[in-house]
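S.K.: Okay, handing you the structure first.
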Amino acid sequence: PEILNLQGICYLVAELYGPELIKLLKYKMNADVVCHSIKLCKQNAGQPFCHLYPPPEMGLNKAVRKANRIVRNSKVLKNTAGFSSICALPLLVKLCEKIKYVIKNKLPFEDLDGDKFSAFPTLRGYHWRGRDCNERKAVVYPGRRPDNWDVERDSNCNGIWGVDPKDGIPYEKKFCKDAESKGIILVGDSAGAHFHIPPEWMTAAQMSLKSFSDLPVALTNELDWPHFSGTTGFLNSTIGGWTDSLYLRLRRRNRCNHRDYQNISKNGGSSKNLLDLMKSLARNQLLDNPAIVIYASIGNDVCNGRPDTVAHMTTPNQMHANVMQMLQYLNSQLPKGSHVILTGLVEGRFLWDHLHSRYHPLGQLNKDITYEQVYAFLSCLQISPCNGWMSANETLRNLTSERALQLSNVLKEIARSEMFDNFDVFYMDFPLEKIDDEWRKLGGESWQLIEPADGFHPNQITSALGARIIWQKALSEWPHVLGKENPFNKQIEDVFKDQGGH
């Protein structure tokens with residue numbers, strides 16, 4: 001797409017590397033060999049030669065030496081040796097600076113009044129937390145209790161304001177006074193942020209201008225899609241499946257909850273970095289409505305790319321200390337009457353069991369790359385998102401699940417035994433097994449619940465089915481958490497129209 005100069009960058013890269021790529025392809029060099037010969041891949045001293053595709057008949061090292069001879073006189077490659085990162089490309093420098101800012105701070109880049117809410121969608125804007133309806137006033141933002149019943153302006157951005165001319169009663173007072181309004185906040189990891197790399201980006205036969213139309217949004221959202229997620233999603237999915245979320249259900253239950261959502265998740269989120277993440281929470285204990293906080297770091301406490309992966313897993317004692325620290329911080333921030341739901345870790349053996357022998361998008365054309373090979377490649381590079389579960393070693397997979405269960409039990413015990421002034425605490429298992437059952441009843445297969453590009457994250461279908469299952473559990477076991485159904489929802493829609501989920 002032309003937006004963000006991505007079309008220009010595509011032309012630039014094709015101009016720089018195209019002639020050499022064509023030469024190498026002419027000699028039938030595979031992707032591993034090409035990558036090393038044009039210096040986009042490297043082998044660190046003492047490290048194995050990591051490769052994804054089956055080695056050429058002549059062997060990898062010999063093939064790379066031959067490829068190096070083919071491109072050795074390339075002036076272009078000598079001049080572009082410094083392009084070790086995509087952010088070094090001149091057209092992307094400013095965009096990368098913006099992305100680095102939001103990754104560090106987890107706050108909207110475009111926030112004119114400093115209230116932690118934005119009228120801009122990406123760069124941690126309203127794709128991540130409710131849209132700011134007044135960027136000139138810091139006292140106007142989603143989730144606050146109405147100022148003077150919003151007679152003159154919409155102070156909480158729920159789209160309800162003014163006075164009913166028939167009886168002189170403010171609409172906010174008439175429709176929302178007894179509605180038990182509350183927002184929903186997710187504290188989580190890449191699964192909660194809804195990490196997704198479209199498989200068509202990796203499948204040559206599917207590549208087109210249309211297949212890259214979402215690329216600008218993906219780049220400025222850290223390759224996450226929170227606006228489709230199972231907790232805070234509100235837009236119709238463009239990445240397969242359908243959108244269903246706890247926020248949309250809470251909004252349908254009580255239209256006064258419009259726009260009151262926050263997705264405080266990040267790629268790599270775990271109990272170890274929760275407090276740093278929590279600093280971007282936007283909730284005023286005195287001025288705002290209560291909130292339902294979902295804590296869902298479902299894998300990173302046992303998942304890492306280290307060769308000695310077990311040694312770097314969170315221990316039960318560390319888990320207890322980390323989560324208690326988070327809950328104490330939440331107790332100092334959340335309004336009284338809030339609720340916290342702790343979600344257990346996922347059963348990650350599901351990945352290997354259902355994917356390892358299937359072909360990855362990169363291997364579908366020639367039937368030459370399975371997920372087992374992708375997992376081994378990522379592990380070799382020491383960038384695997386989860387060496388414990390994405391492994392051919394069954395003992396290691398079992399050890400990882402054993403630790404995950406221990407950590408889930410820590411969360412369960414905290415919910416059972418700890419009490420806080422401003423919220424109650426509940427626990428639920430991550431409902432992967434129930435999601436799988438539901439999907440198979442609909443005629444699907446288990447492998448279809450995982451992101452195809454990375455073979456690790458829950459996908460759009462999993463997110464949507466998970467939202468329904470979590471909602472049904474809350475409705476049957478903790479109905480007070482969700483609040484009562486607002487009897488004025490129809491009148492609100494009639495007077496103020498739908499306004500969309502955001």
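The values are calculated or read from the model by the stated rules, or taken from the named source; none is laboratory data. Treat the numbers as computed from the prediction; the structure is a model and nothing was measured. Every residue, glycine as well, gets a Cβ built from its backbone with ideal geometry; the counts of neighbours run over all protein chains shown. Surface accessibility is based on the protein's heavy atoms, side chains included, excluding ligands, DNA and RNA. Shrake-Rupley method; radii C 1.70, N 1.55, O 1.52, S 1.80 Å.
S.K.: Which loop chymotrypsin sites (Phe, Trp or Tyr not before Pro) in the range 26-126, with loop taken from DSSP, have no more than 14 other Cβ atoms within 10 angstrom of their Cβ?
M.R.: Numbers: sites: 27, 49, 83, 101, 109, 117, 126; in loops: 27, 49, 83, 109, 117, 126.
Passing both the DSSP loop test and the Cβ count: 27, 49.
S.K.: Give me the 1.4 Å probe accessible area per residue for the range 6-84, excluding ligands and nucleic acids, in Å².
M.R.: Numbers: 5270 Å² over 79 residues.
Counting only protein heavy atoms, the per-residue value for the range 6-84 is 67 Å².
S.K.: Under the 0.36 nm per residue contour assumption, what length would be gained going from the current alpha-carbon distance of residue 476 and residue 204 to full extension?
M.R.: Numbers: separation 272, 0.36 × 272 = 97.92 nm, distance 4.70 nm.
Length difference between fully extended and current span is 93.2 nm.
S.K.: By a straight-distance test (C-alpha under 19 Å), which lysines pair with residue 177 as possible cross-link partners, with residues fewer than eight away in the same chain excluded?
M.R.: Within reach: 166, 336, 484, 490.
S.K.: I would also like to ask the following. Given that just one value was derived from the coordinates, which of [x] 30.5, 101; [y] 24.8, 87; [z] 23.6, 83 is Rg and Dmax of the Cα atoms in Å?
M.R.: Answer label, from the structure shown: [y].
S.K.: State the cysteines of the chain left without a partner when partners are defined as other cysteines whose beta carbon lies under 4.7 Å away.
M.R.: 10
S.K.: Quick one: helix 432-441 against the long Cα principal axis of the chain, what's the angle to the nearest 10°, folded into 0 to 90?
M.R.: 90
S.K.: Rounded to the nearest percent, how much of the accessible area of the range 415-502 (1.4 Å probe, protein heavy atoms only) is carbon and sulfur? Walk me through the numbers before you get to the answer.
M.R.: On the way: 2290 of 4380 Å².
That fraction is 52 percent.
S.K.: Given a Förster distance of 51 Å, report the FRET efficiency between residue 382 and residue 177 from their Cβ-Cβ distance, rounded to the nearest 0.05. Show your work: numbers first, answer last.
M.R.: Details: r = 57 Å, r/R0 = 1.11.
Here the calculated transfer efficiency is 0.35.
S.K.: Per-residue ellipticity at 222 nm for the chain, helices alone: DSSP H runs ≥ 4 residues times -39500 (n - 2.57), over residue total, nearest 500 deg cm²/dmol? List each step's numbers first, then the result.
M.R.: Working: 18 runs with 186 residues, N = 502.
Computed ellipticity for the chain at 222 nm equals -11000 deg cm²/dmol.
S.K.: To the nearest 10 square angstrom, what accessible area does residue 412 show with a 1.4 Å probe?
M.R.: Number for this one is 90 Å².
S.K.: Hey, any idea what % of the range 6-84's accessible area is carbon plus sulfur with a 1.4 Å probe? Spell out each step's value before the answer.
M.R.: On the way: 2970 of 5270 Å².
Its accessible area is 56 percent carbon and sulfur atoms.
S.K.: Let me ask you something else. Ranked by accessible surface with a 1.4 Å probe, highest first, in what order do 502, 51 come?
M.R.: Numbers: 502 45, 51 65 Å².
Result of the area sort, largest leading: 51, 502.
S.K.: Note the per residue figure in Å³ for the convex hull of the C-alpha positions in the range 314-358.
M.R.: Numbers: hull volume 4.9 nm³, N = 45.
Cα-based convex hull of the range 314-358, divided per residue, equals 108 Å³.
S.K.: Using only Cα atoms and rounding to the nearest 10 degrees, what angle (0 to 90) does helix 460-477 make with the longest principal axis of the chain?
M.R.: Tilt relative to the chain: about 30 degrees.
S.K.: Now a separate question. Using the beta-carbon distance between residue 395 and residue 318 and R0 = 41 Å, what value does 1/(1 + (r/R0)^6) give for FRET efficiency, to the nearest 0.05?
M.R.: Numbers: r = 23 Å, r/R0 = 0.56.
Efficiency, rounded to the nearest 0.05: 0.95.
S.K.: OK, next. Can you work out the accessible area per residue across the range 183-232, with the rest of the protein chains kept in place, probe 1.4 Å, in square angstrom?
M.R.: Details: 1520 Å² over 50 residues.
For the range 183-232, the solvent-accessible area averages 30 Å² per residue.
S.K.: For the range 6-84, what does the convex hull of the Cα positions come to per residue, in cubic angstrom? Intermediate values should be presented prior to the final figure.
M.R.: On the way: hull volume 8.8 nm³, N = 79.
Hull volume normalised by residue count: 112 Å³.
S.K.: Ok, one more. Place a +1 charge on the Cβ of each Lys and Arg in the chain and a -1 charge on the Cβ of each Asp and Glu, then give the dipole magnitude about the Cα centre in debye, rounded to the nearest 20. Walk me through the numbers on the way to the answer.
M.R.: On the way: 59 positive and 55 negative charges, 295 e Å.
In total the dipole reaches around 1420 debye.
S.K.: On full extension of the chain, what length is gained from residue 238 through residue 211, given 0.36 nm per residue of separation minus the C-alpha to C-alpha distance? Each step should come with its number before you reach the end.
M.R.: Values: separation 27, 0.36 × 27 = 9.72 nm, distance 1.07 nm.
Here the answer is 8.7 nm.
S.K.: Using a Förster distance of 51 angstrom, determine the FRET efficiency expected from the C-beta separation of residue 86 and residue 167, and round it to 0.05. Display every interim value, and only then the final one.
M.R.: Details: r = 60 Å, r/R0 = 1.18.
Between residue 86 and residue 167 the formula returns 0.25.
S.K.: Can you grab the distance from the C-alpha centre of the range 92-128 to the C-alpha centre of the range 383-460, Å, no decimals?
M.R.: If we compute the Cα centre of each part, the gap is 30 Å.
S.K.: Starting from the Cα of residue 473, draw a straight line to each of the aspartates and glutamates and keep only those under 17 Å, dropping any in the same chain fewer than 8 residues away.
M.R.: Candidates past the 8-residue exclusion: 244, 424, 429, 433, 436, 437, 438, 485.
S.K.: Here is a further query. Dipole of the range 6-84, Cα-centred, from +1 at each Lys and Arg C-beta and -1 at each Asp and Glu C-beta, to the nearest 20 debye? Please list the in-between numbers first.
M.R.: Numbers: 12 positive and 4 negative charges, 76 e Å.
Dipole size: approximately 360 debye.
S.K.: With every protein chain in place, what's the accessible area of residue 217 (1.4 Å probe, Å², nearest 10)?
M.R.: For residue 217, the solvent-accessible surface is approximately 40 Å².
S.K.: With all protein chains present and a 1.4 Å probe, how do 371, 53 order by accessible area, largest first?
M.R.: Numbers: 371 10, 53 45 Å².
Result of the area sort, largest leading: 53, 371.
S.K.: Between residue 294 and residues 5 or more places away or on another chain, which pairs have amide H atoms under 5 Å apart, with H built 1.01 Å from N, and which residues are they?
M.R.: Result for residue 294 returns 185, 186, 187, 341.
S.K.: Can you give me the solvent accessible area of residue 203 with a 1.4 Å probe, rounded to the nearest 10 Å²?
M.R.: The accessible area comes out at roughly 20 Å².
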